[in-house]
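S.K.: One structure, as structure tokens, below. Some questions next.
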Amino acid sequence: MGLAVLVITIAAVSYFTTGSTAGGLAYVFGQAIGIFLMLSLVYYFLAKSVRIDFRRDVLFLVTAAVLVLTNQARIFGYIDARHFQRDLEAGGAENFEKTLSTSQTVIGSVARDGRDVAIQTNNNIGQLFTQFDDHALDGFLEPAKVKDRSVLLASYQAANAKLAQVRLVMPAVDVLLADEQQKIVVLASRLPEGSRDPFIMGFSKVRAEERNFVERRAANYQRMFEIAASATKLLLDMGEISINDRGQIIFADQNALKNYNELVAGLQQVAQEDEKITSDAAAYDKARLASGWNKMMSN
């Protein structure tokens, strides 16, 4: 009887920890042998010292109990993961975020807290870009204002100041992401041991992809300020500026006009790139949610 219980226990532990894979079954079987041998030595000397009968069925039962206790956390983790999968299946792929918000599982709780950490980091990153909202930069784009040299000078100074600031954005972003990573490691400690590394690695992979969008946006801002600085310098170097009857700047020669138009065209490209970054980020986020649901359902 004891041997039968042990065999059933090995099969059950293998199922609840590794999904009954051949490698998993071999691992659990090896665990059982190790526990059995260790307990055999203890039981043998104990039985000899107190002069009791050496019963193998008792040893098999104790081995089964120790095997379960040894893998208790992994078993609970498996059950929690399957419960979370049922929550996801009930909610459907289109309600992945909602399921995260309502699931009572440990995985759901950790995922929610991880999402909150990411949202806070995203808000902090967003604040790094709010410093670039400066209407002083708009002066050189309005022909009616460029005649005022003080307006041009303010635009030129603002562009160069923002150019210096934007170069500090990505180092600041990396500091925020490093702090976030430490928080995620702490959150992951609440998960079963076998789920911690996959959670951390999966989170880190997503954040690395999202960092690329932030880097593209920072580079786009830098390009905008470089253009603004060049355009305002070009206008300042012209000295006194004249405007024709159609409200257009009168340039001294075609080369100056060509340079100015190229800079303005560059700003249009910056605006287009900004829209593309927003679109690409939204598409990635949508694909990420769908992929996350599929991965959770397939595990």
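S.K.: Cross-chain or 8 or more residues apart, Cα under 24 Å: how many lysine pairs in the range 93-298 fit that? Count them up, please.
M.R.: 20
S.K.: Still on this model: I need the Kirkwood Rh of the range 93-298: take the reciprocal of the average 1/r across all distinct C-alpha pairs and report it in angstrom. Intermediate values should be presented prior to the final figure.
M.R.: Working: mean 1/r = 0.0497 Å⁻¹.
So the Kirkwood estimate lands at 20.1 Å.
S.K.: Report the charge-dipole magnitude of the range 98-192 in Debye, nearest 20, computed about the Cα centre from +1 at each Lys and Arg Cβ and -1 at each Asp and Glu Cβ. Could you put the intermediate results ahead of the total?
M.R.: Values: 10 positive and 10 negative charges, 29 e Å.
It comes to approximately 140 debye.
S.K.: Shifting gears a bit: Calculate, in nm to one decimal, what Lys205 and Ala65 gain on full extension: separation in residues at 0.36 nm each, minus their alpha carbon distance. If you can, show how the numbers build up before the last one.
M.R.: On the way: separation 140, 0.36 × 140 = 50.40 nm, distance 3.91 nm.
Result: 46.5 nm gained on full extension.
S.K.: How far, in nm, would the chain grow between Thr278 and Arg115 when pulled straight, counting 0.36 nm per residue and subtracting the alpha carbon separation?
M.R.: Values: separation 163, 0.36 × 163 = 58.68 nm, distance 1.99 nm.
Net length gain for the segment: 56.7 nm.
S.K.: So, one more: Peptides 169-179, 56-66: what's the order by average Cβ count within 10 Å, highest mean first? Before the final figure, lay out each step's value.
M.R.: Details: 169-179: 14.5, 56-66: 18.1.
Descending packing order for the listed peptides: 56-66, 169-179.
S.K.: Any idea how far apart Gln72 and Arg149 come out in nm if each label point goes 7 Å out from Cα toward Cβ?
M.R.: Simple spin-label model gives 8.3 nm for this pair.
S.K.: Grab the beta carbon distance between Ala4 and His83, set R0 = 35 Å, and tell me the FRET efficiency rounded to 0.05.
M.R.: On the way: r = 29 Å, r/R0 = 0.84.
My answer for the efficiency is 0.75.
S.K.: Counting other C-beta atoms within 10 Å, and keeping those with at most 10, which DSSP coil GluC sites (Glu not before Pro) do you find in the range 189-278? Mind dumping the intermediate values first?
M.R.: Numbers: sites: Glu193, Glu209, Glu210, Glu215, Glu226, Glu240, Glu262, Glu273, Glu275; in loops: Glu240.
For GluC sites (Glu not before Pro) across the range 189-278 that sit outside H, G, I, E and B with at most 10 neighbouring Cβ atoms in 10 Å, the list reads Glu240.
S.K.: Let me ask something else about it. Please work out whether the range 165-226 counts as rounded, prolate or oblate from its C-alpha gyration tensor, where a ≥ b ≥ c are the square roots of the eigenvalues and a/c under 1.5 means rounded, while otherwise a/b larger than b/c means prolate and anything else oblate? Could the numbers behind the result be given before it?
M.R.: Values: a/c = 6.58, a/b = 2.74, b/c = 2.40.
Prolate is the answer for the range 165-226, as a/c is 1.5 or above and a/b outweighs b/c.
Values in this text are rule-based calculations from the coordinates and carry no lab data. Computed from a predicted model, the values in this text were never measured in an experiment. Cβ coordinates were reconstructed from backbone atoms using ideal geometry, including for glycine residues, and neighbour counts include every protein chain displayed.
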